[in-house]
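**Q** Here it is, the structure, as C-alpha cells.
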Amino acid sequence: MHKPIQHGASLLAACLVLGVISSAASAGISVSPLKQEVTVKPGEAVKFKISVSNNKRREADTAQAIRLEVMDVTVSQGGALAFTERGRQKHSAGNWIALGATDITLEPGQSQGVECTVTAPYTASGEYYAAIMVTIKDSRGKTDKGVSVSYRIAAGVFVTVSGRSYPREAKIARCEVLWPRAAAPATQPTSGPTSRPSETPPVKVAVLLQNTGQARFDATGKISIADAQSRTVFTVPLTSKRPCVFGGDSRLFEAPLDRPLPVGQYTLKVEMDYQSGWTKAYHRLPMEITPDKAELLRAAHKEEQGPKNAPIQVAPEKLILSLPAGAFRSLKLTIENKGEETVRCAAGLTTEGNHPGDVSWITLGLKEFELAKASQKTLGIVIRVPSGAAAGLYTSVVVIHVDNGGTNTRITVPLELAVKTEK
C-alpha cells in the first residue's frame with residue numbers, strides 16, 4: 001500500500017476542479033484562470049487577478065454568496081488531492097497571498113474580479129504553491145448515498161521566487177509488477193444456470209518516481225520488456241493521474257501488462273523523462289514468467305479482446321509494408337472519437353503471431369493523448385530496419401488503450417513488415 005506524501009502537490013488546471021464535492025459548475029459558479037503563474041523577486045510583491053462568475057443557466061437561478069480563502073494542497077502518490085490549512089506545507093505560498101475580498105455575492109450572470117497580492121520573503125528562493133478555494137456558502141447537501149458534499153472549486157497558484165535556479169532531479173524509488181490472484185472459477189449452484197466466472201484482474205507495472213530536487217517537472221515514461229535473446233517484445237507508456245511532480249513529491253505511474261508471454265526469463269526496462277534536458281531515470285528489473293503467471297497473462301489478454309465499448313475508430317485497420325534491411329518508413333494511423341465524451345488514450349507496441357518482430361524497430365509519435373468528442377488525432381509511426389536484419393516476415397501490433405469514463409478498452413492494429421533482400 002502506498003503511503004501519502006507529506007508535502008508537495010500537482011496543481012494542474014484541470015485537476016483542481018473538485019469532482020467528488022459535486023462541482024461548483026453544476027451550481028453555475030466558475031473561476032478563471034484555474035492556474036496562475038506568478039514570478040516575484042525576494043522581498044517584493046506582485047499582484048494578479050482571478051475572476052469569479054455566477055453563470056446564469058435558468059430563469060430560476062438565484063444570487064450566490066461566495067467565500068474565498070487561501071489553502072495548501074497535498075497529493076497522495078496515487079494522485080488524490082487534499083486541501084489543508086495554509087502555511088503548513090514545506091513549499092507553501094499560502095501565507096504570502098492576500099485576497100482583495102473574501103466574501104462576495106454574485107447575481108445570476110454577474111462576474112467579479114478579485115485582486116490578489118503575493119509578497120515573497122527576503123529569504124525565499126525557488127518554487128512555491130497554494131490554492132485559492134472558492135466555496136458557495138450554505139451549499140452543503142447530500143448525495144443519493146447520504147454523503148455530505150459542498151460546492152467549491154479551486155484555482156492553483158504557482159509562485160516562482162527569482163534568483164537561484166534549481167536543476168530538475170529525480171530517481172525511480174520503486175518498480176514492481178503487480179500480479180493479481182487468479183480469477184475464481186465458475187460455480188455450479190444447486191439449481192439454476194451456472195454462474196459466470198470472475199473477471200481476471202489486470203496485470204500492472206507500477207513505478208514510483210521521486211522528485212529529489214526542488215524544481216517541479218511534468219514526467220512521462222514507458223516500460224519495455226525484452227526476452228532472453230534481448231529482443232524487445234512489448235512497450236507501453238506509463239501513465240499517471242497527475243504527471244506534474246513538485247520538489248520532494250513522489251508520483252505513481254502505471255502501465256498495463258496485457259501481452260501474453262511464454263514461460264521464461266525476461267528483463268523489464270523503465271525509462272522516465274523528467275524534463276532535465278540532459279538525463280533520464282532508468283531502471284531494470286529481472287522478470288520470470290512462471291506457468292501460473294503465463295496463464296494469468298493469457299486470461300487477462302483474452303478478456304481484453306472482448307466487445308469494444310469505446311467509441312473510437314482507427315484507420316487503417318492493418319498496416320502492411322515491405323522494406324530492405326537498413327531502410328526506414330513513416331506511416332500514419334488516424335484515431336477518431338465518435339462518442340459524446342472526451343476519452344484518454346495510451347498507445348503501445350507488442351509482438352503477436354507466428355513471426356514476432358522486435359518492437360524496438362518501431363517508434364510511436366504519440367504515446368498519451370486525449371480525444372475530445374468528434375475530434376481526431378494522427379498517430380505517426382516510424383519503422384527503422386537495422387542494417388543487419390535477416391530477410392523474412394516480422395509481425396507486431398500497435399495497441400491503443402482507451403479509458404472511456406472508467407471503461408477500459410484495448411484496440412489493436414496488426415503491423416506486418418516484410419524485410420526483403422536487396423538485389
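The values are calculated or read from the model by the stated rules, or taken from the named source; none is laboratory data. From a predicted model like this one, the values you see are computed outputs, not experimental measurements. Ideal geometry is used to build each Cβ from the backbone, glycine not excepted, and the neighbour counts take in all protein chains shown.
**Q** Can you name the residue in region 54-75 that is of a type in the set (Val, Ile, Thr) and under 29 Å from the mean Cα position of the chain (by Cα) and is also nearest to THR117 (Cα to Cα) among such residues?
**A** Within region 54-75, the match that is nearest to THR117 (Cα to Cα) is VAL70.
**Q** Among the residues in region 297-320, are any farther than 24 Å from ALA346 by Cα, not assigned by TED's automatic domain parsing to the domain that holds SER76 and not polar (S, T, N, Q)?
**A** No; the residues of region 297-320 include none that is farther than 24 Å from ALA346 by Cα, not assigned by TED's automatic domain parsing to the domain that holds SER76 and not polar (S, T, N, Q).
Yes/no per residue for (1) at pLDDT 95 or above; (2) surrounded by 19 or more Cβ atoms within 10 Å (Cβ to Cβ); (3) in contact with a strand residue (DSSP E or B) (Cβ under 8 Å, 6 or more places away or on another chain); (4) not in a loop (DSSP other than H, G, I, E, B):
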{"position": "VAL46", "(1), (2), (3), (4)": "yes, no, yes, yes"}
{"position": "GLU59", "(1), (2), (3), (4)": "no, no, no, no"}
{"position": "GLY78", "(1), (2), (3), (4)": "no, no, yes, no"}
{"position": "GLN89", "(1), (2), (3), (4)": "no, yes, yes, no"}
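**Q** Kindly indicate which of ALA418, ALA374 is of a type outside the set (D, E, K, R) and at positive phi.
**A** ALA374
**Q** Let me ask another. Among (1) touching a strand residue (DSSP E or B) at 6+ places or on another chain (Cβ under 6 Å); (2) at pLDDT 90 or above, where does ALA346 come up short?
**A** For ALA346, the exception is condition (2).
**Q** Then there is this: Within region 194-210, which residues are at pLDDT below 95 and not hydrophobic (A, V, I, L, M, F, W, C)? Outline the logic, then answer.
**A** Going residue by residue through region 194-210, those that are at pLDDT below 95 are 194-204.
Within region 194-210, THR194, SER195, ARG196, PRO197, SER198, GLU199, THR200, PRO201, PRO202, LYS204 meet the criteria.
**Q** For region 356-378, check the following and say yes or no: at least one residue is assigned to a strand (DSSP E or B), free of Cβ contacts under 8 Å to residues at least 24 places away in the same chain and over 20 Å from the mean Cα position of the chain (by Cα).
**A** Yes, there is a match, as at least one residue in region 356-378 is assigned to a strand (DSSP E or B), free of Cβ contacts under 8 Å to residues at least 24 places away in the same chain and over 20 Å from the mean Cα position of the chain (by Cα).
**Q** Still on this structure, please answer the following. Can you confirm whether region 262-276 contains a residue that is part of a loop (DSSP other than H, G, I, E, B), under 28 Å from VAL413 (Cα atoms) and among the acidic types (Asp, Glu)?
**A** No, region 262-276 has no match at all.
**Q** Moving on to the next point. Against the definition (among the polar types (S, T, N, Q), touching a residue at least 24 places away in the same chain (Cβ under 8 Å) and part of a loop (DSSP other than H, G, I, E, B)), how does SER396 come out, yes or no?
**A** No: the conditions fail for SER396.
**Q** Going by the structure shown, is ILE172 among the β-branched types (Val, Ile, Thr) and modelled with pLDDT under 95?
**A** The answer is no for ILE172.
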